[in-house]
Amino acid sequence: MDMLLLLVIFAVFLALTFDFLNGFHDAANSIATIVSTRVLKPHWAVLWAAGFNFLAFFFFHLKVANTIGTGLVDPSIIDIQFILAALVGAIFWNIFTWYFGLPSSSSHALIGGILGAAIIKAGFAPLKIGGILKVLIAIVLSPLLGMVMGLFLMFFTTFACYRFTPKKNDFLFRKLQLLSSALISLGHGGNDAQKTMGIIAVLLFSTGHLGDTFYVPLWVVFTCYIVIALGTFFGGWRIVRTMGMKITKLKPIGGFCAETASAITIFLATFLGIPVSTTHTITGSIIGVGTLHGHQAVRWGTARRIVWAWILTIPAAGLVSAFIWWLITYF
């Protein structure tokens, strides 16, 4: 077995490690509200979310994978060193933010890793400004859209059910939260797993393993969905606590509205081929639901800490990626 093939296998393994950590790190997106509202116990919640992460295999086209693979930088500059640097940058930031319980974006860590490796290797020329702008706009719009939709869904749902007794409300929305959490898990699998697919596919393409045409092999699609589901299954409790308990206090009706608003936003982005942050979207939705109960209902100190983690994600992952690329090529 030659050295090139060994490096490709190692890079694919590293990409799947990122996919696993993506599920592990982002498990809170799917299960925080159903755990904090006590609809499901944590171990049943992660199993529920992991199952729907995998079922995304049957629902979504691979537009996000194509954006990651060919829509951000010119594929001609991508090689194994590039992929290794981008992945190490993203994985480092994921582990760093997981350790401190910060719900930052695995997606934007990967994008930061790609951009950092591209800039240090070839400058700004290979960057595809249109694709990057699309991602940057989504960084701003996805949490805002989630927040607005969460607020309006909470308002209209509360108005529609104001005649219900608290007991009836609680019973109804505990059931509906199973549906809304399934939808957000489906969206998470459909959008986030495709980012790893794009990385693996462009690696195989740049090393001549796909021929002259870029595409995502079926085995890559299947493997990425399985791995992100496993990551979700073993997901971390630290971020669940931040998302589900420290931003605002949620009841089942609020959890249902936050998850439904997030799922709609993520489904729309996946349909358009935009790699959005599930973390940003669900956080925005939770804040939107909380603000209906007044400014004091949202713990703005926690929210500010989260926003700073968002702002730092792309540059931090990019700097680590650039350093790793320099290290690999230097030695």
request  = For the range 147-177 and the range 39-103, write down the distance between their C-alpha centroids in whole Å.
outcome  = 32 Å
query = So what J values fall out for the range 210-221 if you push phi through Karplus, 6.51 cos²θ - 1.76 cosθ + 1.60 with θ = phi - 60°, rounded to Hz, Gly and Pro as x?
reply = 10, x, 8, 10, 6, 7, 9, x, 4, 5, 5, 4
query = HN-Hα J couplings of the range 65-80 from phi, Karplus 6.51/-1.76/1.60, θ = phi - 60°, integer Hz, Gly and Pro as x?
reply = 4, 5, 4, 5, x, 10, x, 10, 9, 5, x, 5, 8, 7, 9, 5
remark   = Under a Gaussian network model of the chain whose springs join Cα atoms within less than 10 Å, the largest fluctuation of L218, L210, L110 belongs to L218
inquiry  = Taking 41 Å as R0, compute the FRET efficiency from the Cβ-Cβ separation of T329 and R38 and round it to 0.05.
reply    = 0.20
key: Among S180, A117, L268 - extreme Cα towards positive end, dipole of the chain, charges at beta-carbon   = S180
key: Förster radius 22 Å - calculated FRET efficiency between I137 and D170, Cβ distance, rounded to 0.05   = 0.05
remark   = With Cα springs under 10 Å, the Gaussian network model of the chain assigns the largest mean-square fluctuation among W308, W98, W219 to W219
task = Using amide H atoms built 1.01 Å from N in the peptide plane, name the residues 5+ places from V73, or on other chains, whose amide H lies under 5 Å from its own.
result = K128
note = Note: Y99 to I311 extended length (0.36 nm per residue) minus current alpha-carbon separation gives 74.5 nm
remark   = Share of accessible surface on carbon and sulfur in the chain, whole %, 1.4 Å probe and ligands ignored, is 75 percent
task = With springs connecting C-alpha atoms under 10 Å apart, model the chain as a Gaussian network and identify which of L62, L268, L230 has the largest mean-square fluctuation.
result = L268
task = Could you state the accessible area per residue of the chain in Å², with a 1.4 Å probe and every protein chain left in place?
result = 43 Å²
3J(HN,Hα) from dihedral phi, the range 161-171, Karplus parametrisation 6.51/-1.76/1.60, rounded to Hz, x for glycine, proline = 10, 5, 7, 6, 6, x, 5, 5, 4, 4, 5
inquiry  = How large are Rg and Dmax for the chain when calculated on the C-alpha trace, in angstrom?
reply    = 19.6, 71
ask   = Cα to Cα, under 18 Å, and not fewer than 8 places away if on the same chain: which aspartates and glutamates meet these conditions relative to K41?
value = D26, D170, E259
note = For the chain, longest principal axis from Cα atoms; helix 3-36 axis from its Cα atoms; angle between them, nearest 10 degrees, is 10 degrees
inquiry  = Using only DSSP helix segments of four residues or longer, with each worth -39500 (n - 2.57), what per-residue ellipticity at 222 nm results for the chain after dividing by its residue count and rounding to 500?
reply    = -26500 deg cm²/dmol
task = Work out the length of the dipole vector of the chain about its Cα centre, built from +1 on the beta-carbon of each Lys and Arg and -1 on the beta-carbon of each Asp and Glu, and round it to the nearest 20 debye.
result = 1580 debye
query = Which distance in nm do the two modelled labels at F10 and S76 give, with both placed 7 Å along the Cα-to-Cβ direction?
reply = 2.8 nm
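The values are calculated or read from the model by the stated rules, or taken from the named source; none is laboratory data. None of these values were measured; they are calculated from a predicted model. For neighbour counting, all protein chains shown are included, and Cβ atoms are generated from backbone atoms with ideal geometry for every residue, glycine included. These accessible areas exclude ligands, DNA and RNA; they are computed on the full protein's heavy atoms, side chains included. Shrake-Rupley method; radii C 1.70, N 1.55, O 1.52, S 1.80 Å.
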